[in-house]
Amino acid sequence: MPTSLNRYAVIGNPVEHSLSPQIQRMFAEQTGIAMTYEKCHAELDKFTEAVQQFRKQGGKGMNITLPFKEQAFELADILSPRAELARAVNVFLFTENGKILGDNTDGFGLVRDLQHNHHCVLEDKAILLLGAGGSARGCLGPLLDEYPREIIIANRTLKKAQALADEFQRFGSVRACGYDDEYVLDPEDGFDLIINTTSASIQGEMPPLANHIIADGGICYDLMYGLSENPFLDWADSESADIIADGLGMLVEQAAESFHVWHGIRPDTGSVLAGLR
Ligand code: ATR
């Protein structure tokens, strides 16, 4: 194991299937930065120990994946404003004076993928955000930064959506509702963008959406990627959504932003995304 080289890793459980090493190596090659990037499996109750050990062995930074993003938020000594808002951390930078800087590039990655790769304009658009868990929270700040007309957060458990809407409405028009709410069942002009942040797709399910709620030219986006079947994206197809996207682009874009946090260079993502597809 190299100790003096720029050493980075993704930590998670499970972490075996992570695409991050492949993506970061492509960025390193493209930019000519010498670094190694490995997978670090941590036991569920040994996250802090695993991070400290990696740092002691010369680690310069890490990506954090499920289920450790909230623990990473707790462990960081210094938080970026976007990590503070997301209450989750997916990037660590170990500073020279021994501090852990925690950042969150997930929401940035989503917005960047939408705008840059899918040429989506978010300003003045009506957005339906499905789910009110950690993933939804991470998306809200960066989406609201783009001045959408409104964001409706729909969730099975209404009070979780309500809590998120209460917290984020200082940044723009956000409201909460259940899936049986008139607002979701029969929106006046349809939604320009529907983002599925729920974990329903993993279970082969999707939130109970009505038909004909996508506006002309509308986009349907699922944060999940790599699933053999995705009922939400199938539904989007049957509803003739203009653009249908999984979360692979978001994964690559959040990785590029992590790379920027570590090295101050923004790699080109298009070629990497095309390579993965
Ligand atoms: P994450 O951190 O990935 O967001 P989470 O915090 O566990 O994970 O949140 C999962 C989200 O998926 C929640 O909004 C959950 O709805 P509830 O808050 O009502 O539990 C949603 N979810 C999971 N399975 C779902 C399903 N089958 N249908 C609709 N929503 C689902």
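See the values below:
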| read-out | value |
| --- | --- |
| Cα convex hull volume per residue for the range 107-249 (Å³) | 93 |
| Solvent-accessible area, 1.4 Å probe, carbon plus sulfur percent, for the range 125-264 | 43 |
| Neighbourhood charge, 13 Å Cβ-Cβ cut-off, centred on K159 and excluding it, Lys, Arg +1 and Asp, Glu -1 | 0 |
| Per DSSP, loop trypsin sites (Lys or Arg not before Pro) in the range 152-201 with at most 16 further Cβ within 10 Å | R156 |
| Relative contact order, percent, the chain [alpha-carbon distance under 8 Å, six or more residues apart] | 15 |
| Among Y8, P21, G131 - extreme Cα towards positive end, dipole of the chain, charges at beta-carbon | Y8 |
| Charged-residue dipole, Cβ positions (Lys, Arg, Asp, Glu), the chain about Cα centre, Debye nearest 20 | 1400 |
| Residue-count net charge about L66 - beta-carbon cut-off 13 Å; Lys, Arg +1, Asp, Glu -1 | -2 |
| Qualifying GluC sites (Glu not before Pro) in the range 130-191, DSSP loop, other Cβ atoms within 10 Å at most 16 | E188 |
| Neighbour net charge for P148 - beta-carbon separation under 11 angstrom, K R +1, D E -1 | -4 |
| Straight-distance crosslink candidates among lysines, where the alpha carbon sits under 25 Å from K160 and sequence neighbours closer than 8 are dropped | K69, K125 |
| Charge dipole (debye, nearest 20) of the range 4-104; +1 at Cβ of Lys and Arg, -1 at Cβ of Asp and Glu | 200 |
| Loop sites in the range 196-251: GluC sites (Glu not before Pro), DSSP, at most 10 other Cβ within 10 Å | E229 |
| Surface share of carbon and sulfur [accessible, 1.4 angstrom probe, percent] for the range 4-104 | 53 |
| Span-like helix ranges in the chain, DSSP H, alpha carbon extent 30 angstrom or more, Kyte mean at least 0.0 | none |
| Average accessible area per residue (Å²) across the range 9-53 - probe 1.4 Å, nucleic acids and ligands excluded | 51 |
| Inter-probe distance in nm under a simple model that places probes 7 Å from Cα toward Cβ, at R170 and L66 | 3.1 |
| Share, in percent, of DSSP beta bridges within the range 107-249 that are antiparallel, nearest 5 | 0 |
| Of G217, Q115, G275, farthest towards positive along the dipole that unit charges on Lys, Arg, Asp, Glu beta carbons give the chain | G275 |
| Inter-label distance, nm, simple model (7 Å from Cα along the C-beta direction), S228/S240 | 3.2 |
| Shape call, the range 4-104: gyration tensor on alpha carbons, a/c limit 1.5 | rounded |
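The values are calculated or read from the model by the stated rules, or taken from the named source; none is laboratory data. Owing to the predicted nature of the structure, the values given are computational and were not obtained by experimental measurement. Reconstructed Cβ throughout: ideal geometry from the backbone, glycine too, with neighbour counts over all protein chains shown. These accessible areas exclude ligands, DNA and RNA; they are computed on the full protein's heavy atoms, side chains included. Shrake-Rupley method; radii C 1.70, N 1.55, O 1.52, S 1.80 Å.
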